[in-house]
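As structure tokens, the structure follows; a few thoughts come after it.
No value in this document is a laboratory result; all are computed from the given coordinates. What you see is a predicted model, and the numbers here were worked out from it, not measured in a lab. In this analysis, Cβ positions are derived from the backbone assuming ideal geometry, glycine residues included, and neighbour counts consider all displayed protein chains.
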Amino acid sequence: MKESYVDLVNIRRMVFAEIARIAYNDVDLNELERSPYNIIPGEVAKYRENIFRERAIVEERLRLTMGLDARHLSEFARVTDGIEEVNVNEMMFIPPLVNVITFACEACPVRAFVVTDNCRKCLAHPCTNVCPVNAVSIGRDRAIIDKEKCIKCGKCKETCPYNAIVEYDRPCAQVCGVNAIESDELGRAKINEEKCVSCGRCITQCPFGAIADKSQIYQLVQALKSKEHMYAIIAPSFIGQFGVLANPMQIFEGIKQLGFKDVVEVSLGADITTLNEAKEFLEKVPKEHPFMGTSCCNSWTMMVQKMFPEQYKYISDSASPMVETAKYIKEKDPEAIITFIGPCISKKLEALRDDVKDYVHFVITFEELMGMFVAKNIELSEIVIDKDVQDASSLGRGYAVAGGVAEAVKKTAQRLDPSREIQIESASNLHDCVKLMRLAKAGKKDGYLLEGMACPNGCVAGPGTLASYNRVKKAIAEFKNQSAYSTPFENEKIREDLKR
Amino acid sequence: MKVKVCMGSNCTLLGAMDLLDQIEDLKKLTSEDDNYSDDFDIEVVKCLGFCKKSKDNVAPVVVIDDEILFNATGQIVMEKIMSKKKK
């Protein structure tokens with residue numbers, strides 16, 4: 001997926017590196033107007049029909065990465081308008097998180113069934129015969145689908161012996177599991193904030209690079225330059241993300257070179273979440289709750305809150321691994337300022353929650369972190385370090401791959417109470433998450449532990465990753481084996497009272 | 001044939017791992033096909049230092065035998081490998 005979208009991905013990442021460079025080098029923010037020329041040099045358009053539009057879109061990306069809103073094409077505004085407001089050394093968030101860069105959007109048509117050149121106008125014409133609303137007729141050159149009549153059931157597509165009928169959809173809308181993509185008056189994608197759960201799938205899927213999220217790189221770098229007690233916590237899927245030659249310890253050391261005091265694996269918090277959720281499940285299911293949903297994926301819990309408000313109470317009360325890891329650090333250093341680094345953009349919203357904001361102060365993605373390494377000229381694979389990373393158990397490190405959370409909770413719960421049989425089910429994209437919750441709402445998943453993840457195959461395929469799913473999955477399996485502890489019970493960093 | 005993929009920070013940022021995925025896939029694809037000559041070796045190397053020497057952005061960098069490819073893309077790298085492999 002990412003390798004085939006290479007130009008778009010690279011523009012996004014060049015913008016991250018540019019903003020990090022500006023922040024580290026104390027560049028006057030008025031120079032932001034020059035940045036599009038650094039990123040898109042020369043006189044000839046490379047990506048779109050003309051270089052003016054290319055640079056204009058980069059300008060919007062620069063603004064979003066600074067944390068500012070995208071501009072309206074109809075109103076005069078400088079690239080730097082509002083820049084003073086975001087020139088701070090603490091997290092700055094102007095909603096919404098996920099934004100359509102309107103003039104990058106090509107206003108793709110909405111979902112429809114379309115007859116292609118493959119049509120032979122065959123004698124059998126099953127397409128017309130199966131249509132429940134008589135919307136298909138045979139035209140002069142090929143079958144014709146009456147868009148007014150069509151109910152988009154897809155029967156004509158299934159029956160055509162020439163595969164001549166295709167289902168067309170806007171890529172952004174197709175991947176959106178909560179139907180949050182609507183259209184504005186010009187037919188361009190518009191995100192319904194009431195429905196959006198900020199999973200970020202549309203950002204990675206749009207073939208025109210027209211959707212982007214806001215970043216905190218600039219403010220984070222300012223904090224790193226001016227504050228002490230800066231800690232980084234890094235999500236379980238970090239293994240293998242920063243080049244195949246960089247090992248976990250080199251990654252940790254590289255992060256410290258960016259200005260952090262220390263780095264901790266979020267898998268440690270995953271171990272704590274596992275213990276909490278296991279105890280919660282044993283206590284509440286089935287006595288108080290018919291089933292329990294995991295709480296670690298913020299887009300999944302947001303989806304349940306928005307679409308299944310009555311079932312929201314069945315989502316675990318246990319804090320996410322991000323929050324548990326931050327709490328662990330806060331216990332040791334009450335002045336700690338904590339940055340979560342992960343594959344996820346939804347965590348940027350989780351960090352704003354009232355019960356989280358005192359623990360997690362910045363959230364950036366792996367891609368954004370890579371931009372910071374480049375801006376600081378850090379070569380991870382050349383760092384000489386001989387230490388081991390041992391914060392978490394093998395089960396905690398497995399949280400990054402779909403199924404890993406439920407497996408960890410199940411194993412832990414069964415160790416606490418071997419008499420219990422625990423059924424688990426996982427969904428790992430938002431479409432499937434919604435389906436799973438419908439079944440649960442209907443009472444078909446009673447007694448279950450339900451693991452919901454918004455990204456396909458889990459966090460390893462999050463929108464902020466750099467490496468491919470297969471590469472990271474393999475690296476994680478290896479890293480799991482290197483853990484000194486097989487379950488959270490052996491993890492010496494966790495307080496003993498949590499293990500009972 | 002030897003294919004070196006630079007895994008420096010700048011190259012990694014701009015898709016070196018994706019290039020590596022593609023080259024590895026290509027190796028699998030051609031190893032099963034008798035129409036192609038000998039196998040090729042893939043080597044992942046630390047930063048080759050080209051970015052620091054150049055004013056322009058040259059990442060990602062791939063070296064095929066003695067030929068250095070700047071701003072390497074999947075299609076160019078794979079085509080080069082394939083044309084060199086043809087019997």
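For chain A, the normalised intensity computed at q = 0.11, 0.12 Å⁻¹ comes to -0.97, -1.11 (log10 of I(q)/I(0), Debye sum over alpha carbons, equal scatterers, no solvent). Out of every Cα-Cα pair that region A:364-489 contains, those further apart than 19 angstrom amount to 62 percent.
With +1 on each Lys and Arg Cβ and -1 on each Asp and Glu Cβ, how big is the dipole of chain A about its Cα centre, in debye rounded to the nearest 20?
Numbers: 65 positive and 70 negative charges, 364 e Å.
Using Cβ point charges on Lys, Arg, Asp and Glu, chain A gives about 1740 debye.
Which lysines, on any chain, are close to A:Lys149 with Cα under 18 Å apart, when same-chain ones fewer than 8 places away are left out? Within the straight-line cut-off, A:Lys149 pairs with A:Lys157.
With the convex hull constructed from alpha-carbon coordinates only, region B:2-85 shows a mean projected area of 5.0 nm² over all directions.
Sites listed here are chymotrypsin sites (Phe, Trp or Tyr not before Pro) in region A:1-82 whose DSSP assignment is loop and whose Cβ has at most 13 other Cβ atoms within 10 Å: A:Phe76.
Straight-distance candidates among the lysines for linking to A:Lys284, with alpha-carbon spacing under 22 Å and chain neighbours fewer than 8 residues away dropped: A:Lys313, A:Lys410, A:Lys411, A:Lys441, A:Lys444, A:Lys445, A:Lys499.
Among the residues of A:6-16, the average count of other protein chain beta-carbon atoms within 10 Å of the residue beta-carbon is 3. Bridgeable lysines around A:Lys387 (alpha carbons under 19 Å apart, same-chain partners fewer than 8 residues away excluded): A:Lys256, A:Lys261, A:Lys480, A:Lys493. Computed from backbone phi, the HN-Hα couplings of region A:410-424 come to 4, 4, 5, 4, 5, 6, 6, 9, x, 6, 8, 8, 10, 9, 10 Hz, rounded to whole numbers (Karplus: 6.51 cos²θ - 1.76 cosθ + 1.60, θ = phi - 60°; Gly and Pro given as x).
How do B:Val44, A:Val266, A:Val133, A:Val285 line up, fewest other C-beta atoms within 10 Å first? It would help to have the intermediate numbers written out before the result.
Details: B:Val44 16, A:Val266 34, A:Val133 11, A:Val285 20.
Least to most surrounded, the residues fall as A:Val133, B:Val44, A:Val285, A:Val266.
For region A:254-263, backbone phi angles converted through the Karplus equation (6.51, -1.76, 1.60; θ = phi - 60°) give residue-by-residue couplings of x, 5, 4, 5, 6, x, 7, 6, 7, 10 Hz, Gly and Pro being listed as x.
Looking only at other chains, what is the average number of their beta-carbon atoms within 10 angstrom of each beta-carbon in A:238-249?
Working: counts 0, 0, 1, 2, 5, 13, 7, 7, 4, 0, 0, 0.
For this peptide, the per-residue mean of nearby foreign Cβ atoms is 3.
What is the average number of partner chain Cβ atoms found within 10 Å of a Cβ in A:378-386? Spell out each step's value before the answer.
Working: counts 1, 8, 6, 8, 4, 0, 0, 0, 0.
Mean inter-chain Cβ contacts per residue within 10 Å come to 3.
Between the C-alpha center of region A:211-237 and that of region A:126-152 there is a gap of 54 Å.
Centroid-to-centroid, using Cα positions, region A:433-458 and region A:1-39 are 39 Å apart. Quantify how much of the Cα-Cα distance distribution of region A:105-171 extends past 14 Å, in percent. Considering region A:105-171, 53 percent of its Cα-Cα pairs are separated by more than 14 Å. Per q in 0.16, 0.21 Å⁻¹, report the Debye log10 I(q)/I(0) for region A:174-275, using one uniform scatterer on each alpha carbon and no solvent. Rounded to two decimals, the profile gives -0.95, -1.09. Counting only Cα atoms, the size of region A:228-499 along its three principal axes is 55, 37, 36 Å, in decreasing order. Considering only C-alpha atoms, what is the centroid distance from region A:248-309 to region A:68-85, in Å? Computed from Cα coordinates, the inter-centre distance equals 36 Å.
Counting only DSSP beta bridges with both residues in region B:2-85, tell me the antiparallel percent, nearest 5. Spell out each step's value before the answer.
On the way: 6 of 11 bridges.
About 55 percent, rounded to the nearest 5.
For region B:15-82, the list of GluC sites (Glu not before Pro) that fall in a loop by DSSP and count at most 16 other C-beta atoms within 10 angstrom reads B:Glu32. Near the amide H of A:Ile211, within less than 5 Å, lie the amide hydrogens of A:Ile101, all on another chain or at least 5 residues away, with H placed in the peptide plane. Packing here is the average count of other Cβ atoms within 10 Å per residue, and on that basis the peptides A:218-228, A:106-116, highest first, run A:218-228, A:106-116.
Each residue of region A:333-340 is assigned a 3J(HN,Hα), and the resulting list reads 9, x, 8, 4, 10, 10, 10, 8 Hz, derived from the Karplus form 6.51 cos²θ - 1.76 cosθ + 1.60 (θ = phi - 60°), x at Gly and Pro. Estimated from helices alone, the mean residue ellipticity of the protein assembly as shown at 222 nm is -10500 deg cm²/dmol (sum of -39500 (n - 2.57) over DSSP H runs with n ≥ 4, per residue). Of the trypsin sites (Lys or Arg not before Pro) in region A:340-411, the ones in a loop by DSSP (not H, G, I, E or B) with at most 15 other beta carbons within 10 Å are A:Arg353, A:Lys357, A:Lys387.
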